[in-house]
Structures are given as C-alpha cells and as structure tokens.
Ligand code: F6P
C-alpha cells in the first residue's frame, strides 16, 4: 500500500446524476481504509483557491439519491494555464492532501493528467458526464439517468404529437457525441436520429420523414444530438418544413433537464464501484488513470488515452432503430 494518508475529492465540468453517490463512495471507502478525506469545492476553481472542507462518513449521509453535486462544479479557465495548476498543487501540499480523485469528463481529465505530469500529484479519475463519451468505460456516471429522463420526456411528447399528427424534432445533449441521442431514439421508437458521429444528409432525413407519413404513422419523432453536423435544430426543422409544408413540425429542446434528477439504480451502483475502485487505485500506488467498468470488470485507462481515443458509438443501434420505426 502507498503512503497516501489524505485523499482529496472534487467534481468538475458539467454535473451528472450519480456524482453525489460517487463522492459518498470515495469518502466512505477512504474512511474504511482509515484515511482522511478533504472535499474540494467548485472543481478546479476551488482547488486553486484552497476552498477545502474535511469530510467524514456522516458528511455524506443522505446524498446517495440526490442529483447534482453538493461539492459544486465548475469549468475553470485558470486551471488550463500552467500557473493555475501550480497554485492548485501548492494548495494541495499546504492542506496535506497526498492523492486526488477527480470526478468529471474529458476536459477535467486533461487537467488531471497535467497536474500529475507537472507536479507529481497522484490523481485518479471517475468518469462523470451524461455524454458517455469517454474511452475506457462502457458507461459514464449520469448517462443512464439522463437517458431515462429523455425517454420519459419523449414518451410525453409522443402523446401530444400523435393527438395532432405532428412531427417533433427533439434535441438532446451531447456536445460532441451521439450516445444519448442514439440510445433514446431506439428506446422511444423515433423515426430517425441525427448524430455528430455520422454524416447524415438532409436528403436522407427528408426521405425518412416522408416514409413515416407515407406509412400513415400518426406521430413522428426525430431525435437530434446537439453536436450534429446538419446544424441548429430549428434550422433543420425549417428545412424539413420547406419540403413538407403540410406537416405540422415542432421543436423541443430538452436542455439541462437531462442533467437533473435522482440518479438511476444503475448509476448509483456504478458510483459505488468506481468510488471504491478510485480509492483502492490510489492506495495501491496507481496514478494518472481513469477507472472504468468494461463488461462488468473494473479497468484503468491512462487519462491521455481516455481523452484522446474516441468512445465508439454502436451504429448497429441505428440500423435496428430504423428497422423498428417503419
Ligand atoms: O458535457 C456534458 C454536457 O451536458 C454536454 O452534453 C453539453 O453540451 C454541455 O455539458 C453543456 O454545458 P453547460 O452546462 O456548461 O452549458
């Protein structure tokens, strides 16, 4: 076992359901191994400012089921600069923190890697983002909960869409990735899905919409990932309207709704597994890695690989969704 006595924990980037459950797991696992824990407020911003608070088992009571992150989160511009990271490393040393758990996504792990590389601070990551876009894990924390929210919303949209024979374009999150869009399109029986990973053409989309109405479907839903390459969802809707002036076409942007709410059962279980894996990794001398779960096994992936490799989207789901939406 390494000589790490005090472990810091922070949440960074966009919040995700399950972050609180992961903080709880990190704190309780550290206490189990008789280590002290320090919570860092507001991600890397709080790290730079030394905004720390000691945590024990009771500090994390009753947070397992809460959405958001009680430590709060931020996207820090200062931490992108070497001076910011040097200040952060100083604060950690001053507070006697020997190892850090960072719960976040792509940007957070780029920073975590540099903190380790430049200042030798052992950092281990827990993938926390609703986007599911990290290489080295089947699922990121928050993805399952967010997709459940989307499915619930689209089911509701379906009720009103079919009452009026309307076409709805529903925009879901995913700045650079279509994981949320693809999974929820299949789960809600959407007519089509527009993804960042696939060069869909407007002609293709128009064809699918035409088919839907020709097949006498009373409601048609197209799920649009925000980071798609066809453009803004309202512009896509306008283009569709120009081909089908008689089809009543509406747009719903689900936005930050998708990041809120209680974590699902799967996210809570994942949070427990990853929280324990992160603390045990630090205590076993691992650093510069993200913990993940692949086919039910805990795996560790170097931050650089987790960030630079693209998590593969299973486009077979698109084929299945299209077969089932006739
Ligand atoms: O990274 C998760 C995410 O929810 C993206 O899907 C989305 O584009 C982004 O965060 C929104 O970030 P913000 O809350 O900072 O606007």
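The values are calculated or read from the model by the stated rules, or taken from the named source; none is laboratory data. Quantities reported herein were computed from a predicted structural model and do not represent experimental measurements. Glycine gets a Cβ as well: all are built from the backbone with ideal geometry, and neighbour counts include every protein chain shown.
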(request) Go over the candidates 16, 25, 21 one by one and state the one that is modelled with pLDDT of 95 or more and within 16 Å of the ligand (Cβ to nearest atom). (result) 16
(request) From 183, 175, 158, 166, grab the single residue that is closer than 21 Å to residue 256 by Cα, in contact (Cβ under 8 Å) with a residue 40 or more places away in the chain and more than 16 Å from the ligand (Cβ to nearest atom). (result) 158
(request) Scan 185, 181, 190 and give me the residue that is at negative phi, out of contact with any helix residue (DSSP H, G or I) (no Cβ under 8 Å at 6 or more places or on another chain) and not assigned by TED's automatic domain parsing to the domain that holds residue 279. (result) 181
(request) Spot the failing condition for residue 111; the list is (1) closer than 13 Å to residue 304 by Cα; (2) within 11 Å of the ligand (Cβ to nearest atom), and only one is missed. (result) (2)
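With the structure loaded, tell me whether residue 131 is within 14 Å of the ligand (Cβ to nearest atom) and not in a helix (DSSP H, G or I) or whether it fails that test.
Working: within 14 Å of the ligand (Cβ to nearest atom): yes; not in a helix (DSSP H, G or I): yes.
In short, yes.
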(request) Select from region 46-60 the residues that are under 13 Å from residue 92 (Cα atoms), surrounded by 18 or more Cβ atoms within 10 Å (Cβ to Cβ) and touching a helix residue (DSSP H, G or I) at 6+ places or on another chain (Cβ under 7 Å) and list them in ascending order. (result) 47, 48
(request) Please tell me if residue 131 is farther than 19 Å from residue 23 by Cα and free of Cβ contacts under 8 Å to residues at least 40 places away in the same chain. (result) no
(request) Find the residue count for region 77-105, including only residues that are crowded, with 22+ Cβ neighbours inside 10 Å and either under 15 Å from residue 278 (Cα atoms) or within 16 Å of the ligand (Cβ to nearest atom) (or both). (result) 8
(request) Identify all residues within region 191-211 that are over 17 Å from residue 320 (Cα atoms), within 29 Å of the chain's Cα centre (by Cα) and not in a loop (DSSP other than H, G, I, E, B); write none if there are none. (result) 202
(message) I'd like the full set of residues that are within 25 Å of residue 15 (Cα to Cα) and part of a helix (DSSP H, G or I), limited to region 157-185.
(response) 179, 180, 181, 182, 183, 184, 185
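This table checks each residue for (1) at pLDDT 95 or above; (2) closer than 24 Å to residue 163 by Cα; (3) more than 16 Å from the ligand (Cβ to nearest atom).
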site	(1), (2), (3)
200	no, no, yes
204	no, no, yes
207	no, yes, yes
222	yes, yes, yes
